[in-house]
Amino acid sequence: MQYPIQIKINLTEELQDLLESKASKFGVPLTQYVKHVLMKDVENEEYPVFKASEDTEKAAREALEQLNEAVDSRSFFKQLHNDR
């Protein structure tokens, strides 16, 4: 799940006034207008996808093969605590 992040930007007073004027024409807050402008700017861009290295893919395959041998962490730590 992706969580929204906040970005702080500094604007000149003139730019802020201009953006607020444009936002008011659409009847939206400045932040919503700026988000719209940014989204329009990147709407045709492809989100970059990076291929994992061969070593990473090999490690992932090995981990999946060993999944049934995994230790339940709760029982492990419970046993560790009881062994004291």
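The values are calculated or read from the model by the stated rules, or taken from the named source; none is laboratory data. Predicted model, so just to flag it, every value in this text is computed and none were measured. As a convention, Cβ positions derive from the backbone with ideal geometry for all residues, glycine included, and neighbour counts pool all protein chains shown.
Inspect segment 31-45 for any residue being of a type in the set (D, E, K, R) and touching a helix residue (DSSP H, G or I) at 6+ places or on another chain (Cβ under 8 Å) and give the result as yes or no.
No, segment 31-45 contains no residue that is of a type in the set (D, E, K, R) and touching a helix residue (DSSP H, G or I) at 6+ places or on another chain (Cβ under 8 Å).
Output the number of residues of segment 4-56 satisfying the condition of being loosely packed, with under 10 Cβ neighbours inside 10 Å, in a loop (DSSP other than H, G, I, E, B) and either in contact (Cβ under 8 Å) with a residue 12 or more places away in the chain or not acidic (Asp, Glu) (or both).
Matching residues across segment 4-56 total 16.
So which pairs qualify, if the first residue must be in segment 59-82 and surrounded by 10 or more Cβ atoms within 10 Å (Cβ to Cβ), the second must be in a loop (DSSP other than H, G, I, E, B) and modelled with pLDDT of 80 or more, the Cβ gap must be under 8 Å, and the two must be at least 6 apart or on different chains?
Ala60/Ala52
Assuming Val71 fulfils every condition listed in (1) more than 28 Å from the chain's Cα centre (by Cα); (2) part of a helix (DSSP H, G or I); (3) not hydroxyl-bearing (Ser, Thr, Tyr) apart from one, which condition is it?
(2)
Mind checking whether some residue in segment 73-82 is at pLDDT below 95, within 30 Å of Leu19 (Cα to Cα) and out of contact with any strand residue (DSSP E or B) (no Cβ under 8 Å at 6 or more places or on another chain)?
Scanning segment 73-82 turns up no residue that is at pLDDT below 95, within 30 Å of Leu19 (Cα to Cα) and out of contact with any strand residue (DSSP E or B) (no Cβ under 8 Å at 6 or more places or on another chain).
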